[in-house]
């Protein structure tokens, strides 16, 4: 009997060890989606990081055992937890080319809505797998649970403490003097800041997740000091005075400025190796041909909407932040007091997003940014969305309805205001069952598995094309100056036939235009078409471009942004490993850092100093640079 009990207990230990190896393998396979690559990484090139992942999984399993004190219940929780994690990681890599990160956990309070963004088939498959796991382990617990080890409180606490310590130690993973950093370094772990997906491919998604627990907002630039920031403010006060000599308007708050983030909008005909049988966006192409327009370098692919929105509103660049700062909305803004943004220049401001307001903390973030009202599908009473129509066979509020809500907001005041509209119509998944879809995509840029999604996406943006034309026509009938900055935030993550590293620039270019309504053009509040440095820009360039379009005087901060927009290549986060920064010229060609002139490097340094001061530094310039 004594030997039999010991054998059972030994089998328990072996099961936990084996489970750690199996789950570690599954997580890596979910990340790479390649059995060959996974075997090569785990058993040849990065075995040590795999073993470290296995050790952490082993301690987590022990911790759960200590928590439940029931072997099979702990094992059920372990497998359910990591099954969900593996699926979530695979889906995020598919659509956004990056692993699950700590900043994504905030989205768990919207589980129902997250599920609506994946296919029904996948959801059902995952639910079935979870049911099998849970039922199986519950059965085993009831049948064999009494034969398993049960621990005293002190042992249970030790197990829980070991699991907690194994996870919590990663808080110091980026500190070169910490034990965690040294252990990771000896294991071969490399945190590839400029390519988080590559980091997860080689290190495994779990080590990458844990290694990004601590948020380092931004590295301190060389020369940062109170005196230096005072000198920069004075320098750009002078530049602002020079710019303002040629600008006649000093009443921005009396005008209406609208930022429209068009969800996932990017012309599919520009995607390499893709050809559509007909053009889905003729109206928007015509609009772009006759007004200020071009391409925007996005810092995301298949996702990252809130980050593009953040850059547009603040003028700050994602590529200059530390890569551990994955989402300023969830990791930065709520910790700031009066964060700098375009809303600061208006007496009246509003935001409209025809979806849930707590996604990416928008409810609280907008308040921090000074936006006075926020209308979304959760708001009621006077803040309820007036228009919530959806297109046939689609699930999100249509762009036409979003535009009508914006027109309604324009009429809420007789004077000027700032409005930030974030649409939802063209959000993934693109699995709509259209009864009549004329669009057909050909070419190797998409696999047969995803080709129907491209066809559906083309049909969807065709509706955006028509409603956008109508929206601008209605703006032209309003007797007050209105300027609209309209842009796509990122490409949809459906072009699975193209190598995102090979086509890095093309797959990060979206469409934008800046349009001033008839009243603005006729009363010197708007320009018809700017052409200087407009072919390729970035989200942080939209404020200075809009102010130029509106013939509007600038503050020292906006003088700096004007200099950056006019004299530097467009910039975005880089998916390649050489650098966090991707610089792109007006011909959509990459510019290497060593190709920048001395004046350009000085300008970038000024920009970095100001961004650091306003976000991670001591706010030396906050009270003066935007006055």
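What follows draws every value from the coordinates through simple rules; no lab data is involved. Note that the structure is predicted; figures quoted are calculated from it, not measured. So basically every Cβ, Gly included, is an ideal-geometry build from the backbone, and we count neighbours across all protein chains shown.
Quick look at the numbers
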read-out: Nearest 10 degrees, 0 to 90: helix 47-68 Cα axis against the chain principal axis; value: 70
read-out: Label-point separation in nm, residue 278 to residue 33, each point 7 Å along Cα→Cβ; value: 3.1
read-out: Peptide ranges 25-33, 286-294, 160-168 listed from the most packed, as the mean C-beta count within 10 angstrom indicates; value: 25-33, 286-294, 160-168
read-out: Between segment 436-501 and segment 368-392, the Cα center-to-center distance that results, in Å; value: 23
read-out: Rounded Å value of the spacing that divides the Cα centres of segment 31-52 and segment 137-167; value: 29
read-out: 10 Å-binned pair-distance histogram of segment 2-211 (Cα, whole percent); value: 8, 30, 35, 21, 5, 0
read-out: Helix-derived mean residue ellipticity, 222 nm - over the chain, DSSP H n ≥ 4, -39500 (n - 2.57), to 500; value: -14500 deg cm²/dmol
read-out: In degrees, nearest ten, helix 120-144 long axis to first principal axis of the chain (Cα); value: 30
read-out: P(r) tail fraction, segment 384-505 - alpha-carbon pairs more than 25 Å apart, %; value: 36
read-out: Degrees, to the nearest 10: 71-96 long Cα axis against longest axis of the chain; value: 30
read-out: Cβ-Cβ FRET estimate between residue 8 and residue 496, R0 fixed at 41 Å, reported to 0.05; value: 0.30
read-out: For 590, 309, order by how many other beta-carbon atoms lie within 10 Å, fewest first; value: 590, 309
read-out: Fewest-first ranking of 131, 461, using other Cβ atoms within 10 Å as the exposure measure; value: 131, 461
read-out: Residue order, fewest to most beta carbons within 10 Å, for 152, 92; value: 152, 92
read-out: Rh (Kirkwood; distinct C-alpha pairs) - segment 204-272, Å; value: 18.5
read-out: Hypothetical label at residue 618: residues of segment 235-277 whose amide nitrogen lies under 19 Å (7 Å Cα-Cβ projection); value: 235
read-out: Inter-part distance where segment 222-285 and segment 545-620 are each reduced to a Cα centre, Å; value: 11
read-out: The chain, relative contact order in percent, only Cα pairs under 8 angstrom and at least six apart counted; value: 19
read-out: Volume per residue of the C-alpha convex hull in the chain, rounded to whole Å³; value: 171
